[in-house]
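*Asks:* Dumping the structure here so I can ask a few things about it.
The values are calculated or read from the model by the stated rules, or taken from the named source; none is laboratory data. Bear in mind that the values here come from a model prediction, so they are computed numbers and not experimental data. Glycine gets a Cβ as well: all are built from the backbone with ideal geometry, and neighbour counts include every protein chain shown. Remember, those area values only see protein heavy atoms, side chains included, never the ligands or the DNA or RNA. Shrake-Rupley method; radii C 1.70, N 1.55, O 1.52, S 1.80 Å.
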Amino acid sequence: MDVDVVISGGGPTGLLLAAELRLGGVRVVVLEQRAEPDPVPRANGLVGQVVTVLYRRGLYRALARHSSGPKALVQRWFTGAYGDRPRPVRVFSHAGFRLDLRRLREANPLHVLAVPQRRMEEVFERHALALGADVRRGHTFTGLVQDGDGVTVEVDGPDGPYRLRAAYLVGCDGSHSAVRKAAGIGFPGETSREVVIRMAHVVLPRTALTPAGALRAADGTVYRPYRLHRTAYGAFSFASFIPGVHVLSTHEWDAEAPSEQAAMSVGEARASLSRVVGADVPVADPPADGRPWILRRLTERNNRLADPYRAGRVFVAGDAAHVFAGFGGSNLNLGLQDVVNLAWKLALVLHGQAPDALLDSYAAERVPQARRALDRTREQAELMAPGDEVTAERERYAARLREPGFLREVADAVAGLDLPYPMGGGHPLLGRMAPDLRLMHDGRRVRLASLQHGARAILLDLTGGSTLATALAPWRDRVDLVRAAPRDPGTPPALLIRPDGYVVWAGPTPDDPTGLTTALTTWFGPPTRP
């Protein structure tokens, strides 16, 4: 084999997968057709559990590091400030509703990290390269042939075509994935043209903005940034991540769809915003400094899931596996969690420590998450549509949001916490991300997340005995034993935590390792014989 894993696609998803695989000791090559990181602004932040995932890899501080300007406003808007670890947002916009998360009686589950996609790529690429990943820019995947032993990957490079032989190939190459198509993986779903979506970088003059950065329409209505606003004529949002420039997005129902081939202008974006608001809004071109400002028109909404996620030795992840369009876009949030789920499993199988069947759990766990995200996207689209019936439904929905129980349900859904991985019955932590416990470990105060930067599985033993260490001994090449004393009340006596941070066993008593042995075998393969 030339390499263990080839990844097609060097966006955030592919680069994070490369880093995760290197943490597992896997040789990896990333093929990316672009010579440089994509300059076109796309995603502007991450929402929900993925923020916690990146924190547990030690990447949060690098992603959250902002100096001043509009990004600092985003921080204050949501949290007051970013620190060394994620803190829940105070308010959040969902389907045009303002969720006041300060009203939750229990811990607020929703985290937001406002960071442009280009910045994510820079951080993830630097991380992957530092770990030894081979990132090949200007190299394009062109085909594959797989057999029982591996995959032969056809590549078109700057010096001509060549081949790579690998044990596995992962397509992280977007919604039009060439890997998915070459592997014969279907992409069923639905396409709708009922909504025309326009996105553009524009300049909103200071005369149209309040001192706090809100937009004041001609009729006096004030619209806050970083929120999705529903009007009688459509919906829109705007936010500033570059000084003096706003990302504007408009949604119009039952509008005449312009040609996808026709170039979109800022004037078209202005006309769309004025129609949605119901009054003229002055919008100007961004500064002409040669930067590639985004001007995008979407006349089709695609909601699709790959079927299956795996074809032999080929996998798909991120946009290659799922695409949702419209509202509450969660593609990147899901995609980054896809690869954190897949990487450690590939590493164990490649090292001969776990059976190939472990790889089937990737789709078993991630497909339901994607379907749930699709349901949430559809729900938001339905709540944002114009019409008196929808307005009446929104009034009922708003009334329910005043109930703490329903607010909790919505917050958990937005955060991606409402559907744990299937781990069977038992402790409520099973199938969920381990809490970031405060511990006394090796004589110092630490948080559990700081022990997970290396993507190793952990048996957290808080019993003070030796029984669990004895039970773990045959798996010590795959699972780290961490003895500590809890500083958080109500902490379980012991937790078995996968490299992706999910709990697969919670010990009820220190002298009952039977369930632990089963969990170790299920997730980390058979024991090593002396």
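*Asks:* How would you classify the stretch 451-507 from its alpha-carbon gyration tensor, with a ≥ b ≥ c the square roots of the eigenvalues: rounded for a/c under 1.5, else prolate if a/b is greater than b/c, otherwise oblate? Mind showing how you got there, number by number?
*Replies:* Details: a/c = 1.76, a/b = 1.14, b/c = 1.54.
The shape class here is oblate.
*Asks:* What residue among V245, A271, Y397 has its Cα farthest toward the positive end of the dipole of the chain, where the charges are +1 on Lys, Arg and -1 on Asp, Glu, each on the Cβ?
*Replies:* With unit charges placed on the Cβ atoms, the residue in question is V245.
*Asks:* Using the Cα centre of the chain as the reference point, and only Cβ charges (+1 on K/R, -1 on D/E), how large is the resulting charge dipole? Debye, rounded to the nearest 20.
*Replies:* The dipole magnitude comes to about 1700 debye.
*Asks:* Using the Cβ atoms and a cut-off under 12 Å, what net charge is assigned to the surroundings of E300, where Lys and Arg are +1 and Asp and Glu are -1?
*Replies:* +1
*Asks:* Between the stretch 448-477 and the stretch 411-442, what is the C-alpha centre distance in whole Å?
*Replies:* 17 Å
*Asks:* Here is a follow-up. Would you please give the FRET efficiency between D285 and S450, computed as 1/(1 + (r/R0)^6) with r the Cβ-Cβ distance and R0 = 41 Å, to the nearest 0.05?
*Replies:* That pair, D285 with S450, gives E of 0.30.
*Asks:* If eta is 0.692 mPa s and T is 37 °C, what Stokes-Einstein diffusion coefficient results for the stretch 269-418, Kirkwood Rh from Cα pairs, in µm²/s?
*Replies:* Translational D for this selection: 173 µm²/s.
*Asks:* Separate question: Looking at W505, S330, L113, which one has the Cα that reaches farthest to the positive end of the dipole of the chain (charges on Cβ: Lys, Arg +1; Asp, Glu -1)?
*Replies:* Going by the charge dipole, the pick is L113.
*Asks:* How many times 2.2 N^0.38 Å is the alpha carbon radius of gyration of the stretch 366-488? The partial results should precede the final answer.
*Replies:* Working: Rg = 21.1 Å, N = 123, 2.2 N^0.38 = 13.7 Å.
After normalising by residue count via 2.2 N^0.38 Å, the value is 1.54.
*Asks:* So, one more: Starting from 0.36 nm per residue, how many nanometres of slack lie between T210 and K181 once their C-alpha separation is accounted for?
*Replies:* Extra length available between T210 and K181 comes to 5.5 nm.
*Asks:* Something else: Take R105 and E389, extend 7 Å from each Cα along the Cα→Cβ direction, and tell me the distance between the two endpoints in nm.
*Replies:* With each label point 7 Å from Cα toward Cβ, the separation is 3.6 nm.
*Asks:* Report the extension gain between E122 and D418 in nm, rounded to one decimal, defined as 0.36 nm multiplied by the number of residues separating them, less their alpha carbon distance. Walk me through the intermediate numbers first.
*Replies:* Numbers: separation 296, 0.36 × 296 = 106.56 nm, distance 3.12 nm.
Residue separation times 0.36 nm, minus the Cα-Cα distance, leaves 103.4 nm.
*Asks:* Next up: For the chain, compute the orientation-averaged projected area of the C-alpha convex hull (one quarter of its surface), in nm².
*Replies:* 26.0 nm²
*Asks:* May I pose another question? Assuming a viscosity of 1.567 mPa s and a temperature of 4 °C, what translational diffusion coefficient in µm² per second does Stokes-Einstein assign to the stretch 401-448, Rh being the Kirkwood radius over Cα pairs? Before the final figure, lay out each step's value.
*Replies:* Numbers: Rh = 13.2 Å.
Result for D is 98 µm²/s.
*Asks:* Given R₀ = 30 Å, what would the calculated FRET efficiency be for R65 paired with T522, taking r from the Cβ atoms and rounding to 0.05?
*Replies:* That gives a FRET efficiency of 0.15.
*Asks:* For L31, what is the net charge nearby, where nearby means another residue's Cβ is under 10 Å from its Cβ and Lys, Arg count +1, Asp, Glu -1?
*Replies:* Computed value for this residue: -2.
*Asks:* Tell me, what is the per residue accessible area of the stretch 128-209 in Å², probe radius 1.4 Å?
*Replies:* Numbers: 3750 Å² over 82 residues.
It amounts to 46 Å² per residue over the stretch 128-209.
*Asks:* For the stretch 225-344, would you read off the P(r) tail past 25 Å as a percentage of all alpha carbon pairs? Mind showing how you got there, number by number?
*Replies:* Working: 2862 of 7140 pairs.
Tail of P(r) above 25 Å: 40 percent of Cα pairs.
*Asks:* Compute the long axis of helix 360-384 from its Cα atoms, compare it with the longest principal axis of the Cα atoms of the chain, and write down the angle in degrees, 0 to 90, nearest 10.
*Replies:* In the chain, helix 360-384 runs at an angle near 20 degrees to the longest axis.
*Asks:* Which whole-number percent is the relative contact order of the chain (Cα, under 8 Å, 6+ apart)?
*Replies:* Dividing the mean separation by the residue count of the chain yields 16 percent.
*Asks:* So, one more: Give, in nm to one decimal, the length gained when the segment between S93 and R371 is fully stretched (0.36 nm per residue of separation minus the Cα-Cα distance). Before the final figure, lay out the partial values.
*Replies:* Details: separation 278, 0.36 × 278 = 100.08 nm, distance 2.16 nm.
Result: 97.9 nm gained on full extension.
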